[in-house]
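**Student:** One structure, pasted below without further comment.
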Amino acid sequence: MLDEKRLAILTDAAKYDVSCSSSGSTRSYKRGQIGNASFAGICHSFTQDGRCISLLKILLSNDCVYDCAYCMNRRSNSLPRATAAPEEICELVMAFYRRNYIEGLFLSSAIVKGPNHTMEMLFETVRKLRVDYKFNGYIHVKGIPSADKLLITRTGALADRMSFNIELPSEKSLKLLAPQKSKEAIIEPMKMLALDRYYLSPAKRRSDFLPAGQTTQMIIGASPESDAHILKLTEYMYRNYKLKRVYYSSYMPTNFNTTLLPTVAAPKLREHRLYQADWLLRFYGFTADEITDTDGNLAEEYDPKCAWALKNLHLFPVEVNSAPLSLLLRVPGIGVRSAFRIRSARKYAKLGFDDLKRMRVTLKRAKHFITCGGKFFGSENENEVKRLLIAAETDRYTQLSFLSGGDPAAESALTGEL
Amino acid sequence: MKIFFIQNNVEGLLSALFYSFVAKVVPDEVTDVEIYQQKIDDEITYIKTDAAQAERVQTALTRYGGYDIIRRLKNCMLSCDENATSTAFRYAYKTLFFKKDISGNLADPTVAQFVFTEQKVLTERHHIIGFLRFRESAGGVIYARFSPDNDITELVAPHFLKRLSGLPFVIHDIKRNKIAISDGFALKFDHTDLPAAFTPSDDEEAFANLWRRYYKEINIEERKNLKQQDRFMPRRYRKFMPETYERF
């Protein structure tokens, strides 16, 4: 059994990997095996940082031969090293899974000895889990750049999802900060897996090969690329490598013995805005060019959809009773769910403002951009709209008591004047 | 106020619908016998559950309201909302009245109330499927306790029957004294008043401790965000989880 000390080391080393989703795969129950996977994914717990725990996220080893500047596990860092045997990982997964602690395994590793040796260990662990332990739950495996192609494909045949981390948004930054990794070593296997996935299950709708597809992750703020650059890269990967998700992690200084990296953490707001933009690319029919500002970055004060709408005020307001779905999706404050609700409800009767409220469509932002049966309830002044949108975003508005009086400075702080 | 008293199951509800259409009486409220506090001007009708009538109504409902309407009515009736039965009744009544599927018409208050009541039940089911924690007993049976807001044992247990195929388990709703028992291949629901006598297996505590340690280590301290944690993992569920409750 894996002892607590090694578990702690291997978990601590894995915690900066963002991806922990268990969605996208439908593994149905198989006789004699244990486990299944639900398409929507299931979160099993939430840590104090507000992130979900769905999978047992762990490294096979943190004993790395590489020396990437941004990484905690780099060779030149002096920290306790540990390695787990495939057997130990399997045992832990089965015990946790039975108790419903986890939805499956997220297996990654530092580069031990070399890429091929590491990939072989990852493959062996997954094989053991699937074949010897008859585990039919969710498995996400990190791909090791520069590992043998056959090893990667064979791992892909057993896993639900694989991911090669692109790490940094440009080749230049990658060369600078992760000298042992190359763009080709990361991109090529992604391409290959996309093709494998296509050819190994051509006739069926649901793929048996990597049913949950591929994802990737990059660090934001460690290198000078703009939001526009990042979003274009993201869009390119969604289109060409058929990725399911791109994860962003804002840079946090963990290594202080290097001059290549900034010493302060990147703002979390930037990461948040990038995710919002990412959603717009995947679910709302936007393109990267539409949502980035001319200076190449996303607006900080409001979300990217609001920013886009304010730049394109000539398209608004839209009439909820007749606007096509694609345009409803572009209204700030109306999400995918609300848009579909509106589309189905308006088949029965003409919708008014109160009807939207009853349907739980959030109108705080949307009311400035829609009409209901020709009636408009928002503000017509552009500056006023901007002010209200910022207020809605920061949620600084607090109902002040009539009798509160007191310190005027405190009050203006409450209303957001200060 | 016209009140229908029914047996609190879907057959009871369907019989009430049958009666309502035959006798041309529309109730203001439909409720089940155990919980109702009678008021002075209430006009009460006791509805007898009748399997044949229920089946006729079921056929009609399925024809007009879609293939899953019975399941949805059941889900709604599992809600802890005290008006849940009335809500389900009104929705079914409206479906039969208009003879069409009204489920998409969220602008209608009857439909909205029904859909959101059902959604609440299903949301809790989804939560519990993730947050339920089993402990392994010395005999090999795994056992989980929980105390959900809505009566969702019957919605939760089938998920685990599929997932843990072959493993015997017991799920115990300690609020309603309801249990779901599985021998690994079939499910049985029952009531129990006895507290479960539970002897953990030898390595149960060891694995729970490993899990606690894992939970601690995977957290990124610099990004602490308790508000978000509370939003995603309501505190009322945490007393049944080893990572958040030491005496689990």
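The values are calculated or read from the model by the stated rules, or taken from the named source; none is laboratory data. Please read these numbers as outputs of a predicted model, since none were measured by experiment. Neighbour counts are summed over all protein chains in view; Cβ atoms, including those assigned to glycine, are modelled from backbone coordinates with ideal geometry.
**Student:** Might you check whether a residue that is facing chain B (nearest Cβ under 8 Å), over 17 Å from the mean Cα position of the chain (by Cα), at negative phi and of a type in the set (Lys, Arg) occurs anywhere in the range A:31-50?
**Tutor:** Checking the range A:31-50: at least one residue is facing chain B (nearest Cβ under 8 Å), over 17 Å from the mean Cα position of the chain (by Cα), at negative phi and of a type in the set (Lys, Arg).
Here is a yes/no grid of residues against (1) in contact with a strand residue (DSSP E or B) (Cβ under 6 Å, 6 or more places away or on another chain); (2) facing another protein chain (nearest Cβ under 9 Å):
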site	(1), (2)
B:ILE102	no, yes
B:ALA107	no, yes
B:ALA112	no, yes
B:THR117	no, no
B:HIS126	no, yes
B:ILE142	yes, yes
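**Student:** Go through (1) within 14 Å of chain A (Cβ to nearest Cβ); (2) touching a strand residue (DSSP E or B) at 6+ places or on another chain (Cβ under 8 Å); (3) outside any helix (DSSP H, G or I); (4) surrounded by fewer than 14 Cβ atoms within 10 Å (Cβ to Cβ) one by one and return the number of the condition B:PRO158 breaks.
**Tutor:** B:PRO158 satisfies every listed condition except (3).
**Student:** Count, please, the residues in the range A:1-50 that happen to be among the hydrophobic types (A, V, I, L, M, F, W, C) and assigned to a loop (DSSP other than H, G, I, E, B).
**Tutor:** The qualifying residues number 8.
**Student:** Of everything in the range A:264-294, what is in the same structural domain as A:LYS244 (by TED's automatic domain parsing) and of a type in the set (Asp, Glu)? Give them in sequence order.
**Tutor:** Residues satisfying the conditions are A:GLU271, A:ASP278.
**Student:** Follow-up. Take the range A:336-363 and flag every residue that is in a loop (DSSP other than H, G, I, E, B) and surrounded by fewer than 18 Cβ atoms within 10 Å (Cβ to Cβ).
**Tutor:** The answer is A:LYS347, A:TYR348, A:ALA349, A:LYS350, A:GLY352, A:ARG360, A:THR362.
**Student:** Is it true that some residue in the range A:158-180 is within 25 Å of the chain's Cα centre (by Cα) and over 30 Å from A:LEU231 (Cβ atoms)?
**Tutor:** Yes, because at least one residue in the range A:158-180 is within 25 Å of the chain's Cα centre (by Cα) and over 30 Å from A:LEU231 (Cβ atoms).
**Student:** Among the residues of the range B:185-195, are any within 14 Å of chain A (Cβ to nearest Cβ), crowded, with 16+ Cβ neighbours inside 10 Å, closer than 24 Å to A:ASN136 by Cα and out of contact with any helix residue (DSSP H, G or I) (no Cβ under 6 Å at 6 or more places or on another chain)?
**Tutor:** Checking the range B:185-195: not a single residue is within 14 Å of chain A (Cβ to nearest Cβ), crowded, with 16+ Cβ neighbours inside 10 Å, closer than 24 Å to A:ASN136 by Cα and out of contact with any helix residue (DSSP H, G or I) (no Cβ under 6 Å at 6 or more places or on another chain).
**Student:** Taking only pairs six or more apart or across chains, which ones have beta-carbon atoms under 6 Å, a first residue in the range A:44-70 that is without any contact (Cβ under 8 Å) to a residue 12 or more places away in the chain, and a second residue that is of a type outside the set (D, E, K, R) and part of a loop (DSSP other than H, G, I, E, B)?
**Tutor:** Between residues of the range A:44-70 that are without any contact (Cβ under 8 Å) to a residue 12 or more places away in the chain and residues that are of a type outside the set (D, E, K, R) and part of a loop (DSSP other than H, G, I, E, B), the close pairs are A:PHE46/B:MET233; A:THR47/B:ASN219; A:GLN48/B:ASN219; A:ASP49/B:ASN219; A:ASP49/B:ILE220; A:ASP49/B:ASN225; A:GLY50/B:ASN225.
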